Amino acid sequence: MRSIRAAATGAVMLSLALAASACGGGSSTGGGSNDSPKELTYWASNQGASIEIDKKVLQPELDKFEKQTGIKVKLEVVPWSDLLNRILTATTSGQGPDVLNIGNTWSASLQATGALLPWDAKTFDAIGGKDRFVDSALGSTGAEGQDPAAVPLYSMAYALYYNKQMFADAGIDGPPATWDELVAAGKKLTKDGKWGIGMEGSNPSENVHHAFVFAEQHGADFFTADGRADFANEGAVTAVKQYVDLMAKDKIIAPGNAEYAQNQSVSDFAKGRTGMLLWQSASANLTSQGMSEDAYGIAPVPVRSGSPGPGKQVNSMVAGINLAVFKNTDNLDGATEFVKFMTSDTEQKILNTAYGSIPPVKAAQQDTAFNSPANAVLKDTLATSAAALPQVPEESQFETAVGTAVKNLFADAAAGREVTTASVKAALTKAQQQMPTK
């Protein structure tokens, strides 16, 4: 397992290439321009079940910020399928927002472009100090040994969500703790047009998150100690095949899930079409889709054997969202003030409650609002059994290449083509060939 315990993001679709250098940010739409010092442009990531839900969550808080500071924030909620490409275009063109959300697996990659504001001690002091944030979240903010490229905003972890009534009807006593138990439960649940578990085969980021975690469970990684891509090693191949086999061999995932992209598996679970869901911090999303909190349970993601923990018992990547500032914004003071507002104790409680995530700010995380059973599972996972996707400059290419390889393997499984150890190895070898050579 890698020693860096840094964070990673929620559902994203990533670009194959990162710009090697950049000329910074700033806004092409008036946000942060010299003739409008009382205005900022903010790109928010799509955290809720829809963009409209995000607007309903965020706009009242942005209005509050304007009332307090006189600075108007122009909000755009950007779908995950577009976000990284939009950011990369902004880093090379200089036509972008003042402040933006980034998936924190991207931190080192975007840091390498030179476009984002470094958060040195003085800049952190302007928002209340670096020690306000939990260590695991700070670890997600860029390459080790460099000033962070962003500030933690939301923390998340993967968990197993299960439908209590479907479990009872199938005679399953409790949530599975191991992979064998997961498959056995899934087979009992797969009947009468319903399926054991849902997934999103066309979502490269979900694919790579699971592939990474399951590789960790096999004692493997996708990069060598000196940072070279090593995608087709035995442990990684075994892990990816194990995941795809839930559809290909075990047949507890509907073949149609191979075409699912974002939030469709959550919707199926909320509507009782699947009995289980592997997702990061899903409670708020399920509530917004009409599923009662009493209707489902939450448990740690299964491991190979025993209980979750460090080393081979890893069961999640450390997930989350960071808040970044383009270095060449024309309204640096306003952008810094906005980051301070969004990471304040009060706003952290409001925003993370709305999204079902965990505050990366220590004081906010201790609030009683985050002491629910679901949050207890997530906080314990983050503290004891979650590992980081590698914080290397090529991280975003890794997510895209491996995530797409898994997508293609799910497509094979859905079409009835055999998924073998050899075909998985070939797919991962092809993915590795897309990576920059060192």
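What follows draws every value from the coordinates through simple rules; no lab data is involved. The shown structure was predicted, so the numbers you read here are calculated from the model rather than taken from an experiment. All Cβ positions, even for glycine, are placed from backbone atoms using ideal geometry, and neighbour counts span all protein chains on display.
Descriptive notes on the structure:
- Amide H contacts under 5 Å for V301, placed H, 5+ residues apart: L160
- Working note: Karplus 6.51/-1.76/1.60 with θ = phi - 60° gives the stretch 331-339 the couplings 9, 5, 4, x, 5, 5, 5, 5, 4 Hz, where Gly and Pro are set to x.
- Long-range Cα-Cα pairs in the stretch 44-132 (distance over 20 Å), rounded percent: 49
- Cα point-scatterer Debye curve for the chain, base-10 log of I(q)/I(0) at q = 0.11, 0.12 Å⁻¹: -0.79, -0.95
- Mean separation of Cα pairs under 8 Å and 6 or more residues apart, divided by the residue count, gives the stretch 49-133 a relative contact order of 16 percent.
- Each of R417, R132, R86 was scored by other Cβ atoms within 10 Å of its Cβ. Arranged with the fewest first, they read R417, R86, R132.
- Taking Lys and Arg as +1 and Asp and Glu as -1, the other residues whose beta-carbon sits under 12 Å from that of K251 total +1.
- Above 18 Å, the calculated P(r) of the stretch 188-338 contains 66 percent of its Cα-Cα pairs.
- Unit Cα scatterers, Debye sum, the stretch 288-392: log10 I(q)/I(0) for q = 0.15, 0.17 Å⁻¹: -0.81, -0.96
- Of the Cα atoms belonging to the stretch 266-338, the radius of gyration and Dmax stand at 18.8, 54 Å.
- Karplus-derived 3J(HN,Hα), 6.51/-1.76/1.60, for each residue of the stretch 403-418, Hz, glycine and proline x: x, 6, 4, 5, 4, 5, 5, 5, 4, 4, 4, 5, 8, x, 7, 5
- Folded to 0 to 90 degrees: helix 234-248 orientation relative to the chain principal axis, Cα: 70
- Distance from the Cα centroid of the stretch 39-116 to that of the stretch 317-349 is 10 Å (rounded to whole angstrom).
- Most simply put, the chain has about 60% antiparallel DSSP beta bridges, counting only bridges with both residues inside it.
- The stretch between K191 and D294 holds 34.8 nm of extra length on full extension. This uses 0.36 nm per residue minus the Cα-Cα distance.
- Approximate shape of the stretch 79-127 as ellipsoid semi-axes (Cα gyration tensor, √5λ), whole Å, largest first: 21, 12, 11
- Separation of the stretch 235-311 and the stretch 148-194, taken as the distance between their Cα centroids, equals 6 angstrom.
- Each part gets one Cα centre, and for the stretch 128-146 versus the stretch 416-438 those centres are 34 Å apart.
- Restricting the calculation to Cα atoms, the stretch 96-191 shows an Rg/Rh of 1.25 when the hydrodynamic-style radius is the Kirkwood one.
- Theoretical ellipticity at 222 nm over the chain - DSSP helices of four or more residues, -39500 (n - 2.57) apiece, nearest 500: -12000 deg cm²/dmol
- Taking N as its residue count, the alpha carbon Rg of the stretch 342-391 over 2.2 N^0.38 Å: 1.17
- Relative exposure of S292, S265, judged by other C-beta atoms within 10 Å (fewest first): S292, S265
- Couplings for the stretch 96-102, taken from phi via the Karplus curve 6.51 cos²θ - 1.76 cosθ + 1.60 with θ = phi - 60°, read x, x, 7, 10, 8, 7, 10 Hz in order; Gly and Pro are left as x.
- Alpha-carbon radius of gyration plus Dmax, which is the widest Cα pair, for the stretch 384-433 in Å: 13.1, 39
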